[in-house]
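Undergrad: Please see the structure below; I have some questions.
Quick note: the coordinates plus some simple rules give every number you see, no bench work behind them. Being a predicted model, the structure only gives us computed values, none of them experimental. Ideal geometry is used to build each Cβ from the backbone, glycine not excepted, and the neighbour counts take in all protein chains shown.
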């Protein structure tokens, strides 16, 4: 069985927990189109609810950017590494 994911200070992160996004890394970020990269980088410093933990033990967060003028909405989901997040609070029982 895989051990639970941990935040940057070693606290266990579970689905429903709130985490602050501290930084982002990886080649995937450099490969994003400029506008999309700008949106994703704007997530740093914000707090998100962990929506799922994948089979590799990575917590996933998501943000949407609605564009009412154009009638569309962009969103991005990101799998986090421990050093990229700080646990703010645990999920309610």
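Undergrad: Could you check the simple spin-label distance between residue 32 and residue 62, using points 7 Å along Cα→Cβ, in nm with one decimal?
TA: Simple spin-label model gives 1.6 nm for this pair.
Undergrad: Based only on the alpha carbon positions, what is the Kirkwood hydrodynamic radius of the chain, in angstrom?
TA: Computed over Cα pairs of the chain, the Kirkwood hydrodynamic radius comes out at 13.9 Å.
Undergrad: Across the Cα atoms of the range 15-60, what radius of gyration and what greatest pairwise Cα-Cα distance (Dmax) are found, in Å?
TA: That works out to 11.8, 31 Å for Rg and Dmax.
Undergrad: If we count other beta carbons within 10 Å of each Cβ, what is the order of 65, 28, fewest first?
TA: By the 10 Å Cβ count, ascending: 28, 65.
Undergrad: Okay, next question. Helix-derived [θ] at 222 nm for the chain: sum -39500 (n - 2.57) over DSSP H runs of at least 4, divide by residue count, nearest 500?
TA: Helix-only estimate at 222 nm: -3000 deg cm²/dmol.
Undergrad: Compute the relative contact order of the chain as a whole-number percentage, counting only Cα pairs closer than 8 Å that sit 6 or more residues apart in sequence.
TA: Contact order relative to length: 41 percent.
Undergrad: Separate question: At 7 Å along Cα-to-Cβ for each site, give me the label-to-label distance between residue 41 and residue 3 in nm.
TA: So the label points at residue 41 and residue 3 sit 3.4 nm apart.
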